[in-house]
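**Student:** Dropping the structure in here first, questions after.
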Amino acid sequence: NAGVMQNPRHLVRRRGQEARLRCSPMKGHSHVYWYRQLPEEGLKFMVYLQKENIIDESGMPKERFSAEFPKEGPSILRIQQVVRGDSAAYFCASSPAGGPDTQYFGPGTRLTVL
Amino acid sequence: AQSVTQLGSHVSVSEGALVLLRCNYSSSVPPYLFWYVQYPNQGLQLLLKYTTGATLVKGINGFEAEFKKSETSFHLTKPSAHMSDAAEYFCAVTPFSGGYNKLIFGAGTRLAVHP
């Protein structure tokens with residue numbers, strides 16, 4: 001899973017600012033999942049994307065959150081006008097296909113909102 | 001709907017003792033089940049998974065888990081704990097619907113290993 005890259009590893013934002021989290025999947029993987037881990041909790045699914053398509057965003061908050069996975073470049077999770085409750089670890093995972101293939105997780109981005 | 005319950009948010013064992021981490025799931029369709037380990041400030045690493053076939057699954061680092069449909073359980077075991085096993089362990093289920101693999105995680109169990 002070391003092949004999934006996430007940056008930045010740590011991000012500090014003040015309330016009202018924007019946060020952009022990047023995820024580069026493993027080579028050859030075209031499926032990306034984003035999960036959020038609140039303090040002392042398990043991971044919660046947010047969104048599943050294939051190249052240029054959002055397939056399932058049922059776990060995304062309806063406002064302020066968006067995700068994309070362009071044809072070229074990393075997947076981006078964008079949080080506008082951050083609030084303290086957005087403080088969490090955000091993990092992305094990639095897989096080569098959409099089946100029950102293993103998801104490989106990145107090291108996560110730890111977002112702190114002041 | 002699918003869900004996962006991990007009994008015991010904290011488990012402490014002595015080095016060399018048996019490790020048993022409990023996981024029960026709820027699923028309306030045949031589930032795929034996973035155990036992941038998370039070391040401090042790191043991402044998740046897959047320990048093992050059950051999809052179909054043999055119900056006793058062996059994973060990395062000496063861990064194994066048994067899928068018991070009648071008990072809706074997928075408990076993780078290791079015969080002899082090492083200090084390096086100290087970490088947080090997550091059980092996950094996916095209904096594998098729609099052709100993709102949305103993981104639903106339990107709350108996690110933090111394993112402490114003492115000398």
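The values are calculated or read from the model by the stated rules, or taken from the named source; none is laboratory data. Bear in mind that the values here come from a model prediction, so they are computed numbers and not experimental data. As a convention, Cβ positions derive from the backbone with ideal geometry for all residues, glycine included, and neighbour counts pool all protein chains shown.
**Student:** Residue by residue through segment A:69-99, note down the ones that are assigned to a strand (DSSP E or B) and in contact with a His (Cβ under 7 Å, 6 or more places away or on another chain).
**Tutor:** Selection gives A:Ser94, A:Ser95.
**Student:** Looking at segment B:72-115 only, could you name the residues that are among the β-branched types (Val, Ile, Thr), out of contact with any Leu (no Cβ under 9 Å at 6 or more places or on another chain) and modelled with pLDDT of 95 or more?
**Tutor:** B:Val113
**Student:** Search segment B:101-115 for residues being within 14 Å of chain A (Cβ to nearest Cβ) and surrounded by fewer than 20 Cβ atoms within 10 Å (Cβ to Cβ), and hand back the single one that is nearest to B:Val13 (Cα to Cα).
**Tutor:** B:Arg110
**Student:** Report the residue count in segment A:1-43 for those that are farther than 24 Å from A:Glu72 by Cα, within 12 Å of chain B (Cβ to nearest Cβ) and not in a strand (DSSP E or B).
**Tutor:** 5
**Student:** Moving to a separate point now. Give, as residue ranges, the strands (runs of 3 or more DSSP E) completely inside segment B:11-97 that count at least 2 residues that are touching a residue at least 40 places away in the same chain (Cβ under 8 Å) and buried (at least 20 other Cβ atoms within 10 Å of the Cβ).
**Tutor:** B:19-26, B:32-38, B:44-50, B:73-78, B:87-94
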